[in-house]
Structure formats: structure tokens, C-alpha cells
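The values are calculated or read from the model by the stated rules, or taken from the named source; none is laboratory data. All of these numbers come straight from a predicted model, not from anything done at the bench. Cβ: placed from backbone, ideal geometry, glycine included. Neighbour counts: every protein chain shown.
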Amino acid sequence: MAQEISSDSKLKFWFGVIAIIIFLVFVYFYEPFEVFLVGAIPAIHFENVIFWFASVIGILAYAFAHWQSFKKNIIGHVNDLDVGQLVFDTLQTAILVAVIFCAGAIVQAVAILAVQLTGQGSGTGGVGANLIAIAILIIFALAFFLLHHVVRAFRDGWHSRRIHPRSMSSPKS
């Protein structure tokens, strides 16, 4: 019975994934949707589609991680609710989504810089301004990544990954 349930849920999952892919392909080639999207949201341009894609991935990842945390901490353990664990999960998820946003912005800035350097488009700023923006975004991404590890260390405790050379026992001769 348990195998039927897991097999059935896997089948539903793959049908859902295939349906989403078919829908996205349809929307990609459906011109009235493009006209509606550009008309309804004026800040969307096809020059910054990479950042919009990273934003959608970040929002979906945040919602999925919240659902997993909610399911693990609230639905599974109603009697012994651990609010601290729920807060740390939410904080770690928010920080990782910030890393996803920074990564998407970095890729988008590199794409804009490449278009500027090849002379195919007119950019809003110079090459130097784009390079500074890329450097600042990389610093932000690294800062968020390190902050993620600090939050994890506060939650789980600090575990050294390597053995200090003086603590290793050496054979006495």
C-alpha cells in the first residue's frame, strides 16, 4: 500500500512538471501574452529577463522552503512546537533567496556588459559603472553566503571542519 502511494505521488509530480513545461512553452510562443505582459508591467523588458527569471525562481524557492519548514515544524510536531527552529529556517531561507537574487543580478549585469562591449545595444551607463555594479553584486552575494553560514552556526553550533595541527597526537620517538 505504501509503495502504491509513493508511486502514485511520483506519477502526479511528473505529470505536474510536464504540464508546467508545456504551459511555459505555450506562453513563450503566444504573442498576445507577451503584449499583455509588456503593457501591464512596464518595467519588464527583454533585456532584463534573466533577473526576472531568477526572481521567480527565488520566490518559488522561498515558498517551497517555507512549506517544508511549516510541514516539518508545525504539522508534524504540534505538541512540541520549536519556534526557534522555525525562525532559523525562515532566516536561512531568506538569506539563500537573497543569494539567488544576487546571482541573477550578476548574470544579468554580465549580459548587459557583454551587449555593451560588443556594441549591439546602448546601455544606460558606461563600462566602468557596469563593472562596479558587478563587483558590488559579487560582494553582496558573498556577504549573504557568509551570513547564511553564520546563521547555520548559531542554529546548529559551530563545528570545526578540520583538525588543528597541534591537537593531532603525534607518535613520540
Any residue in region 16-30 that is in the same structural domain as residue 53 (by TED's automatic domain parsing) sitting within a Cβ distance under 7 Å of a residue that is modelled with pLDDT of 80 or more? List the pairs, counting only those 6 or more apart or interchain. none
Name every residue in region 136-173 that is closer than 16 Å to residue 90 by Cα and either modelled with pLDDT under 70 or not aromatic (Phe, Trp, Tyr) (or both), in order of residue number. 147, 148, 149, 150, 151, 152, 153, 155, 156
Would you say residue 59 is surrounded by 14 or more Cβ atoms within 10 Å (Cβ to Cβ), under 20 Å from residue 137 (Cβ atoms) and without any contact (Cβ under 8 Å) to a residue 60 or more places away in the chain? no
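Return a yes/no flag: does region 74-88 have any residue that is closer than 30 Å to residue 49 by Cβ and either part of a loop (DSSP other than H, G, I, E, B) or not acidic (Asp, Glu) (or both).
Looking through region 74-88, none of the residues is closer than 30 Å to residue 49 by Cβ and either part of a loop (DSSP other than H, G, I, E, B) or not acidic (Asp, Glu) (or both).
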Name the single residue that is nearest to the chain's Cα centre (by Cα) among those in region 62-75 being closer than 29 Å to residue 110 by Cα and surrounded by 13 or more Cβ atoms within 10 Å (Cβ to Cβ). 62
Test for residue 53: is it more than 11 Å from the chain's Cα centre (by Cα), at pLDDT 75 or above and part of a helix (DSSP H, G or I): no
Looking only at region 115-127, decide whether some residue is at pLDDT 85 or above and of a type outside the set (Ser, Thr, Tyr). no
